Amino acid sequence: MIGAGISSLQAQASAKTPGTMTVQVAKSQIRDAPSVIAPVLALVEYRTRVIVYESKDGWAKVQVPGSTRLGYMFLSALTEKNISASDAGKAASGVSTTEIALAGKGFSDAVEQSYRKASHVDYSWVDVMEHYEYSPETLVGFLSGDMQQ
Amino acid sequence: MKRKILSPAFFSLLAMGIIVFASLSSCLTLSESMDMLASQAVSQGLLDRYQAVMLKTAAKAAVEASRGLTPEEEYYVGRAVAANILSNYPPYNRPELNAYINKIGQGLALYSFRPAIFMGYHFMVLDSEEINAFASPGGHILVTRGLLRKVQSEDELAAVLAHEIAHVALKHGLASVQGARVTQIAAEFAIDAGKATGGEIAAFTSSFGDSISELAKILILSGYSQTYEFQADLEARRIIAAAGYDPNALACLISRLPSHDDKGGSGFAVTHPDPASRLDALDKQPLEPIKEPAARKVWPIPRQEKPNERAADPVLASFIRADRFAAIKVYF
């Protein structure tokens, strides 16, 4: 039963994907091969729509936006939900009100500012944490024992 | 104004609506199905307009509850929870140690079930003797010096970090908060910022704050459910094996952690299942063979791209890991 939860999630990750998905992380790289050390073809940002051809083992094969070239990105960076701001107003074509609202426009930022003001909780060390950021190439080298990374 | 009492027929209708939704789900949303059903029921005199509105409202709430939070929303919840934990536990400001922890943790996350989250995984050491670690939704992971002092190798440190990564990847944080709160927070997050009034933001800030307090309390005082802890152990063992660490390191570390019988226990001794039951759960589900060569996430590094030839030999790599662990351990 414990393992079943994980298996079920993994099954979802390898499910057949629709034609178009949306980037659901702040930024993500499209690479030349399904590897975090393969050359980067493009950077895609939150809410970008990409055409997905197939997905396997946690990777999605996608078309680089504005190009005919194909590349690979993490499947977990994509969602089937439409969270593209440019799609607001397409309710009649099947996009739900919630999905349009998820276009966001910074509401989360506004809530954080309001919460910080009301709670006086100090976020400074959270901001420090987020400064520790390494490229996948560095991380793979480090884990394999590279002292220079 | 007097309202009709909701009759058994109403609830039968609600159940029928759900069945109708299930059968039509490929082409209609739950909301649309309920709207259609409610309109028909009003026209046939089965429901009055008030009851129809209630039916539609219930359907809308169910839709919001099923939506969950987006990674962006998880990130903002996670930042707030981490900030609250950092208000209770002082950070350990050793940049060398925090850089080391982040390189291992972020590297392990590449092999997790969810390698890409909204702003990535971030780690920090807390200056506390308590044996504890916290995984906030959104990828902010905090580990105490007390827990680090229990760790005897980089492999065991990887096991600690992988366990916390697994909680984030498997979305255990938000799943532990009361369902009603998540429903409320999800619905209110969906307000369009361009149209949100000051009052709406203030109201949401209040429910947001309540959810943050509840989640921080769960993480600090009670911990996740036993099922989630066992799931995180299994996923952690898979992650470290996929990343090239010793999968047995997790069991080795768990066997040295305090049990529930330890007097005055806090941290892990309270928030995690007893070590014996964790070891038992790991034993019952042997590690499945890891796909070779690391097919899932990281392809073999082409020879010309190897960052450092010294790392090519796994035996040599283990010596290098041992050396750097010994060097960084002085900060624990």
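Summary table
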| quantity | calculated |
| --- | --- |
| Average partner coverage of A:71-79, which counts Cβ from other chains inside 10 Å | 3 |
| Förster radius 51 Å - calculated FRET efficiency between B:LEU279 and A:HIS131 (Cβ-Cβ, nearest 0.05) | 0.85 |
| Across A:LYS81/B:LYS171; A:LYS117/B:LYS103; B:LYS103/B:LYS284, pairs whose alpha-carbon gap is larger than 29 Å | A:LYS117/B:LYS103; B:LYS103/B:LYS284 |
| B:ALA326/B:ASP210 FRET efficiency (R0 41 Å; Cβ-Cβ; nearest 0.05) | 0.35 |
| Spin-label pair B:THR227/B:GLU129, simplified geometry with 7 Å Cα→Cβ offset, distance in nm | 3.8 nm |
| Sequence of A:TRP59, A:TRP125 once ranked by neighbouring C-beta atoms within 10 Å, starting from the fewest | A:TRP125, A:TRP59 |
| Residues whose placed amide H lies under 5 Å from that of A:LEU78, excluding near-sequence neighbours | A:GLN24 |
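Coordinate-derived values only; no laboratory data. Values in this document were obtained by computation on a predicted structure and should not be read as measured data. Reconstructed Cβ throughout: ideal geometry from the backbone, glycine too, with neighbour counts over all protein chains shown.
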